[in-house]
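So the structure is just underneath, and the comments pick up after that.
Throughout, read-outs are computed from the coordinates displayed, never taken from laboratory work. Note that the coordinates shown come from a computational prediction; the quantities given were computed from them, not determined experimentally. In this analysis, Cβ positions are derived from the backbone assuming ideal geometry, glycine residues included, and neighbour counts consider all displayed protein chains.
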Amino acid sequence: MENNRLILDVLEGKDVERTPVWLMRQAGRYMSEYRKIREKVSFLELCKTPELACEVTLQPLKAFKLDAAILFSDILVPIEPMGVDLEFTPAPVIANPVRNPQDVQRLKPVDPEEELPFVLEAVRLIKDNIEVPLIGFAGAPFTLACYMVEGSGSKNFLEIKTLMHKNPDAFFELMEKVTESTYRYLQAQINNGCSIVQVFDTWAGILSPSDYKTFVYPFVEKLVNKLENAHIIYFAKDSTTFYKDIKKLNCAGLGVDWKIALNDAADLLDNKFVLQGNLDPAVLFADQKTIADEIDRIISEAKDIKGHIFNLGHGILPKTPVENVKFMVDYVKEKTADA
Ligand code: CP3
């Protein structure tokens, strides 16, 4: 069971003996243990097989003694039962993107217990095998809508922006459906054992502050206000220009990318949130002296903020040297331990 409550204590505003650390995308291709499993099964099969998803979730915990586990899955897994055909090649590709009001109409809200039982089974299995809190996650409504409408990643996001500006009624209906599905999906993860949930708004940063406020923020707010019985961390990449809105969110933690110092982020946010971040994942390709210097800088920038969870500013990159990941985790723990 949960012997190590550091991350929960930080999110609850308690004093802790050192800074907790975990990594976005901590299970994945940079680990040979992961690649070995992926030789045998496709990525989606891995997500849909609870025993394997559990095994992969545990791999980085065993290798680096992290302070939290994160469910192994993908933000796009719950859009399949909504009626979207999904493939990973390894980047996601959707054969039938949502492009018009009829497409939006056809989408069904998710029933997680019926349609995503393998995720909830994975959550229960992982819970039985860890001593740290389990983080569940989902894509934020806008980021999921981006994939559903674009059909893949995108450079200029013209399809979603066109839907938003030319057909706002259809856009809002899509956002309502995705928000309701995401709420049900996250609440089911919580009900099955996740004590923290992270909401990934990877693509929010493509918008102007005014479009973020009109088209995105209200749905994040609704989602955060509906969820019960877990700590929520909202991670929006490239979002410092939205902080006037984001600071009204009723969540405990906020993920911060590397484009702003944590103390400056805390100032803009009235020091309202525990901040999570914010090492540039590319720094892990440097030598260990450089990594140590960057960690020292982040720790010192975080010293007066409400609370700090050490993490990267975005997901770990596939070719990251494993020995540097181990070095980083050990170094954060050693440097932040009460002197
Ligand atoms: O953190 C963890 O260990 C949990 C696992 C996790 C994955 N994806 C596994 C994955 C999490 C939290 C995600 C979130 C995710 N997925 C996001 C939001 C966070 C972010 O990075 O911005 C997004 C945008 C996606 C969509 C996605 N999934 C993309 C763009 C890709 C392809 C690019 C890539 O990194 O390969 C994926 C595939 C994916 N999701 C892989 C993994 C381990 C690689 C699949 C493989 O094994 O080939």
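Taking the chain as the reference, fit the longest principal axis to its C-alpha atoms, fit the long axis of helix 288-301 to the helix C-alpha atoms, and give the angle between the two in degrees, 0 to 90, nearest 10. So the helix axis and the longest Cα principal axis differ by about 80 degrees. Every Cα-Cα pair in the stretch 6-336 was counted, and those over 35 Å apart are 17% of them.
Cβ-to-Cβ counts within 10 Å put H308, H165 in ascending order as H165, H308, the fewest first.
For the chain, find the longest principal axis of its Cα atoms and tell me its angle to the long axis of helix 117-127, 0 to 90°, nearest 10. For 117-127 against the chain, the angle is about 10 degrees.
Would you give the gap between the C-alpha center of the stretch 54-88 and the C-alpha center of the stretch 303-339, rounded to a whole Å? Distance between centres, Cα-based: 20 Å. With the highest mean first, a sort of the peptides 87-97, 173-183, 241-251 on other beta-carbon atoms found within 10 angstrom per residue produces 173-183, 241-251, 87-97. What whole number of Å gives the distance from the Cα centroid of the stretch 196-217 to the Cα centroid of the stretch 90-165? Value for the Cα centre distance between the two parts: 15 Å. What the Cβ-Cβ distance of E33 and T240 gives, at R0 = 35 Å and to the nearest 0.05, is a FRET efficiency of 0.45. Between N3 and D270, the FRET efficiency estimated from the beta carbon spacing at R0 = 35 angstrom works out to 0.55. Which of K155/K177; K237/K333; K65/K333; K259/K303; K213/K248; K244/K306 have a Cα-Cα distance over 21 Å? Among K155/K177; K237/K333; K65/K333; K259/K303; K213/K248; K244/K306, the Cα-Cα distance tops 21 Å for K155/K177; K237/K333.
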